[in-house]
Amino acid sequence: MKIRKANISVCVLSHNEERSIERTLMALMNTDQGAFFPITVYANGCSDRTHQIVSSLAVKYKNIRSREIPIASKVNAWNTAFEEQDSEIVVFCDGDVFPEKNAVTQLQNDLLKFEDVIISSSRLFPSWKGGNIEQRLVAFMQLPLGHEYLSGGLYAVKRDRLKEKFNQFGFAGIPKGI
């Protein structure tokens, strides 16, 4: 089965990642379509050179853009990115994650292949069996329980479908405190 291509954008959420941000961006570009999808780095509350490094890479790579956000908050950066993107699929990546070749394409394909799926995350290896549904869901989404921050390395969402879910529950985005 041939999977169609979708309108896709990548948002890198980054706080003080000057040591890893270039490697993250080069890993994202290391795909069959990496030079074609837009990548925006949401440098939130950085006190290091993250924004400057990304800005210099944006001169060389026209699909890279740096967006400086004064508040150091991953949830705020996520909500800002989610609202600013108008693509069908939005990929979120942490600024210190080094995705494997074609990881973005795989996430896109997963979302396009399954109509009811709204979020696709990177696969866990080795595959984890056992545990209750909450433990498996938390592991899959890489959202640790008992913490007061949003975590997660690499995942993609169907933007309009997720926005519908937010609206259904009266959320403007991810609530603060997650």
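Within the straight-line cut-off of under 17 Å between alpha carbons, the aspartates and glutamates reachable from residue 163 are 83, 84, 86, 88, 115, 116, sequence neighbours fewer than 8 places apart in one chain being disregarded.
For the stretch 52-113, a/c is not less than 1.5, where a ≥ b ≥ c are the root eigenvalues of the C-alpha gyration tensor, and a/b does not top b/c. That puts it in the oblate class.
Beyond a 21 Å Cα-Cα separation, which of these cross-linked pairs lie in this structure: 74/113; 74/176; 62/176? Check vs 21 Å cut-off fails for 74/113; 62/176. For the pair residue 7 and residue 47, a Förster radius of 30 Å applied to the C-beta separation gives a FRET efficiency near 0.30, rounded to the nearest 0.05.
If R₀ is 25 angstrom, what is the calculated FRET efficiency for the pair residue 171 and residue 71, using the beta carbon separation as r and rounding to 0.05? Between residue 171 and residue 71 the formula returns 0.85. Between residue 115 and residue 26, the distance separating the two model label sites (each 7 Å from Cα on the Cα→Cβ line) works out to 4.3 nm. Separation between the residue 161 and residue 96 pseudo-spin-labels, each 7 Å from Cα along Cα→Cβ, expressed in nm? Roughly 3.2 nm, to one decimal.
For the stretch 59-74, the Karplus equation 6.51 cos²θ - 1.76 cosθ + 1.60, evaluated at θ = phi - 60°, returns couplings of 5, 7, 10, 5, 8, 9, 9, 10, 10, 8, 10, x, 8, 7, 8, 5 Hz by residue, with Gly and Pro reported as x.
Just so you know, all these numbers are worked out from the coordinates, no wet-lab data involved. The structure presented is a predicted model; accordingly, all values stated were derived computationally and were not measured. Using ideal geometry, Cβ is built from the backbone for each residue, glycine included, and neighbour counts are taken over all protein chains shown.
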